[in-house]
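Report on the structure given below.
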Amino acid sequence: MHDHIKKLFSSFSSSLIDDIEKNAVVQEFNAGDVIMRTGQYIKNTVLVLSGKIKIYREDDDGGEFFMYYLQPGQACAISMICATKNETSQIMAKVVEDVELVMVPLPLMDKWMMQHRSWYEFVIDTYRSRFEEVLEVVDSIAFRAMDERLEFYLMRHKDACSCVDLKLSHQEIATDLNTSREVISRLLKKLEQRGALKLHRNHIELLK
């Protein structure tokens, strides 16, 4: 596991990776599994070794809003913050592609921050990059019309998978953007008419 972690988390020192191997646990989850729910206490910080996770924010009525993906070589900044403060989760994390995760027990978070410079820098860097990403999402909600938000959403998925063939249903997009399926279908049809994409039965092909 040492080489695999080093490849994905290249900034980690050898001593930190040794500590991870000694103290952390590797777990696997299947697509569709919810590994973190809003309101639950967080006992572990997760490092993603493989697969993909979607992070959502939920409203009081159970509505979901997509925030960002977690992919190999990444960790969830929000869970780190909740873990260090011993607070309940403010997000929901759902597996979209089978994942393999390193589960880092809560007590090790603070300990490694003091013992391992590479862990400290990784945590700070994770906070910063996620903060910037969340700001982009806030800007999208606050300053863009739904058609622009949809284009922004599709581009984020394109970047996340490094592909132009997006396996997304109209309902999934509507749920992620907290709107109706009818609105999304109408906007996607307009984008198709503009030549920006092509709609298929079970996926969307981006052309621009």
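At a glance:
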{"read-out": "Segment residue 100-residue 27, length gained on full extension (0.36 nm per residue, minus Cα span)", "value": "25.7 nm"}
{"read-out": "Rounded percent of accessible protein surface that carbon and sulfur make up, the chain, 1.4 Å probe", "value": "49"}
{"read-out": "Residue-by-residue Karplus 3J(HN,Hα) for the stretch 12-21, coefficients 6.51, -1.76, 1.60, Hz, glycine and proline x", "value": "5, 6, 4, 5, 5, 4, 4, 5, 4, 5"}
{"read-out": "Relative contact order, percent, the stretch 1-78 [alpha-carbon distance under 8 Å, six or more residues apart]", "value": "26"}
{"read-out": "Cysteines, the chain, no other Cys beta-carbon under 4.7 Å", "value": "76, 82"}
{"read-out": "Cα Rg, Dmax, the stretch 14-154, angstrom units", "value": "15.7, 50"}
{"read-out": "Relative contact order of the chain, pairs being alpha-carbon contacts under 8 Å that are 6 or more residues apart, as %", "value": "21"}
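The values are calculated or read from the model by the stated rules, or taken from the named source; none is laboratory data. As the structure is a computational prediction, the values presented were derived from the model and not from experiment. Cβ coordinates were reconstructed from backbone atoms using ideal geometry, including for glycine residues, and neighbour counts include every protein chain displayed. Please note that ligands, DNA and RNA were not included when accessible areas were found on the heavy atoms of the full protein model with its side chains. Shrake-Rupley method; radii C 1.70, N 1.55, O 1.52, S 1.80 Å.
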